[in-house]
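Participant: Here you go, one structure.
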Amino acid sequence: FGEKTWRGSEVLIGFPIIYCDKVIGCLLVFSDHFSSINDNDKNIIEKFVDIIIKGMTDLEELDSLLANNYFSARVNNLFDRLEVKSDQSELFESIRGICRAFFQYDKLTVILSDSEKNAKIKLVDGIREDADEGQEFSMDNSLHGLAVNKNKIINSNSWLENFPKLYRFFPGDKEKFNFMSIISIPIKSEGNPIGAITLERLKSRKYSKTDEKLLELLCSTVSTILAWQKEYDRVSLSAMHDGLTGLLNHKTFLDRFDEEIRRSKRFNHNLGLVVLDLDKFKSVNDTYGHLHGDYVLQEVSRIISQNVRAIDVVGRYGGEEFAVLLVNTDIEACLPLAQRIVDKIAEKVFLKSGISLKITISAGMAGFPLHAENVRELISMADNAMYVTKSKGGNAISIANP
């Protein structure tokens, strides 16, 4: 690159951008050292390339619908108004607004499938007595699951004649509600149906080909936005959690710690901090290798997670060091929980690949506001208490001095 000399440790990865079966460009990723690029990074970048290609396809479809510039502008505006980290509810409200402006219907329904058989109603506009937002239903034998099950457009002005064996959402509901016309178009992810946008009329008047094309474009745009949001959530989750143990990583744990301190001050609550460090863990890596050490860390993480409440916060604070925030709990109430964790780890036989070993953990505790009122001081006091435990042989708990 330019006048820089290639040292040999750099890495350059090229991802082709393929459109209409032709390579029309590429996305290049460069790093000063190959160790900073891992397989997960490659997968994420490949997903972004797929999104670029999908966006180009959507733009081509937009161009083919210039006869209705206003609709195209409204749909395209979704990309401008919705951030990748926007809540799904914002997207569904935008769908409601677009459908109200451009289509005639008595009921609008948007569903997303949560499995191969079941779906959840995410948006309803119009008649709600038959099925409403938040309800779940089986897509088997249901009219509203047909577009997903068949992965194709359903457009009929007499669905009762065309699909006599189907009910709409729930068994027996087609006799109660006299909807006649329906257009239902699948929402897709990587070509696979994950939901549908459906319009229904009480009168027998078939939706036009223009309606079909416009609604298909809306579904395609919604598919792309949902893909963005899913990928953002996946990347965010990966960035917040430790790759080995699945616990919150150091930075995210400190961020949550700061949030919980502020909340405790606002509501005058107590907060307990437990810092735990495995005893003589280096000998495990030295004797049995790092793969066995990783297994021990994963099992210890599982034990800690299983012995705290859902509201508590668990993080991997360092190499073999863990931290637990006990929300709305004073230091005395923290002690039994911390003792249970210490005991469970001491009792555990770590068995892998024919190797059996036991290990203990040392714990130190500090509480808000008893010992300190800020994150840094609480961590320091709990850490010091943990080293007091270490000095006494480990496999126990020490509480910081007030």
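Participant: Dipole of the chain, Cα-centred, from +1 at each Lys and Arg C-beta and -1 at each Asp and Glu C-beta, to the nearest 20 debye? Intermediate values should be presented prior to the final figure.
Facilitator: Details: 50 positive and 57 negative charges, 125 e Å.
Dipole magnitude for the chain comes out near 600 debye.
Participant: Expressed as a rounded percentage, what relative contact order does the chain have, with Cα pairs under 8 Å and six or more residues apart? Display every interim value, and only then the final one.
Facilitator: On the way: 636 pairs, mean separation 41.6, N = 402.
Worked out over the chain, it gives 10 percent.
Participant: Same structure, new question: Hey, got a sec? Which trypsin sites (Lys or Arg not before Pro) in the stretch 345-402 land in a DSSP loop and have at most 12 other Cβ atoms within 10 Å?
Facilitator: Within the stretch 345-402, the qualifying trypsin sites (Lys or Arg not before Pro) (loop, at most 12 other Cβ atoms within 10 Å) are LYS358, LYS392.
Participant: Can you give me the % of accessible surface on the stretch 288-328 that is carbon or sulfur? Probe 1.4 Å, all protein chains present, nothing else counted. The partial results should precede the final answer.
Facilitator: On the way: 840 of 1660 Å².
Percent of accessible area from carbon and sulfur atoms in the stretch 288-328: 50.
Participant: Suppose all protein chains stay in the model; what accessible area per residue would a 1.4 Å probe give for the chain, in Å²? If you can, show how the numbers build up before the last one.
Facilitator: On the way: 21220 Å² over 402 residues.
Normalised by residue count, the accessible surface of the chain is 53 Å².
Participant: Could you tell me the center-to-center distance, by alpha carbons, between the stretch 129-149 and the stretch 361-394 in angstrom?
Facilitator: Measuring centre to centre over Cα atoms gives 54 Å.
Participant: A further question on this structure: Work out which GluC sites (Glu not before Pro) in the chain are exposed loop sites (DSSP not H, G, I, E or B, at most 10 other Cβ within 10 Å) and give the longest gap free of them. Walk me through the numbers before you get to the answer.
Facilitator: Numbers: sites that count: GLU3, GLU116, GLU129, GLU190.
That gives 191-402 as the longest site-free run.
Participant: Can I ask one more? Measure nothing but the geometry: give the 0 to 90° angle between the long axis through the Cα atoms of 88-102 and the longest principal axis through the Cα atoms of the chain, rounded to 10°.
Facilitator: 10 degrees
Participant: Can you find, among ASN38, SER353, ILE183, the residue farthest towards the positive end of the dipole of the chain? Put +1 on the C-beta of Lys and Arg, -1 on that of Asp and Glu.
Facilitator: The one lying farthest along the dipole's positive direction is ILE183.
Participant: Output the 0 to 90 degree angle, nearest 10, between the alpha-carbon long axis of helix 209-240 and the longest principal axis computed from the alpha carbons of the chain.
Facilitator: Helix 209-240 sits roughly 0 degrees off the main axis of the chain.
Participant: Turning to a different aspect of this structure: Enter the per residue convex hull volume of the stretch 150-264, computed from alpha-carbon coordinates, in Å³ rounded to the nearest integer.
Facilitator: 202 Å³
Participant: Can you find, among LEU214, VAL324, TYR232, the residue sitting farthest towards the positive end of the charge dipole of the chain, where Lys and Arg contribute +1 and Asp and Glu -1 at Cβ?
Facilitator: The Cα lying farthest towards the positive end belongs to LEU214.
Participant: Moving on. For the stretch 281-286, take each phi angle, set θ = phi - 60°, evaluate the Karplus expression 6.51 cos²θ - 1.76 cosθ + 1.60, and give the result in whole Hz per residue in order, putting x for glycine and proline.
Facilitator: Taking θ as phi minus 60°, the curve returns 5, 4, 5, 5, 5, 5 Hz for the stretch 281-286.
Participant: Got the relative contact order for the stretch 206-303 handy, in percent, Cα pairs under 8 Å and 6 or more residues apart? Intermediate values should be presented prior to the final figure.
Facilitator: Values: 28 pairs, mean separation 17.9, N = 98.
In percent, rounded to a whole number, it is 18.
Participant: Restricting to DSSP H runs of at least four residues, report the calculated mean residue ellipticity at 222 nm for the chain, -39500 (n - 2.57) per run over all residues, nearest 500 deg cm²/dmol. Please list the in-between numbers first.
Facilitator: Numbers: 11 runs with 171 residues, N = 402.
Dividing the helical sum by the residues of the chain leaves -14000 deg cm²/dmol.
Participant: Suppose every K and R has +1 on its Cβ and every D and E has -1 on its Cβ; what is the size of the dipole of the stretch 216-322 about the Cα centre, in Debye to the nearest 20? Intermediate values should be presented prior to the final figure.
Facilitator: Values: 13 positive and 16 negative charges, 81 e Å.
Using only the charged Cβ atoms, the result is roughly 400 debye.
Participant: Give the angle, between 0 and 90 degrees and rounded to the nearest 10, that separates the Cα long axis of helix 290-306 from the longest principal axis of the Cα atoms of the chain.
Facilitator: Its long axis makes an angle of about 80 degrees.
Participant: Cα extents of the stretch 341-402 along the three principal axes, largest first, in whole Å?
Facilitator: Cα extents, longest axis first: 47, 21, 15 Å.
Participant: When the dipole is taken about the Cα centre of the stretch 97-251, and only Lys, Arg (+1) and Asp, Glu (-1) are charged at their Cβ, what size is it in debye, to the nearest 20?
Facilitator: Working: 22 positive and 21 negative charges, 92 e Å.
With only Lys, Arg, Asp and Glu charged at Cβ, the dipole is about 440 debye.
The values are calculated or read from the model by the stated rules, or taken from the named source; none is laboratory data. Just so it is clear, the model here is predicted, and its values are computed rather than measured. Because the Cβ atoms are built from the backbone with ideal geometry, glycine has one as well, and the counts that use them run over all protein chains shown. With ligands, DNA and RNA removed, areas are computed over all heavy atoms of the protein, side chains included. Shrake-Rupley method; radii C 1.70, N 1.55, O 1.52, S 1.80 Å.
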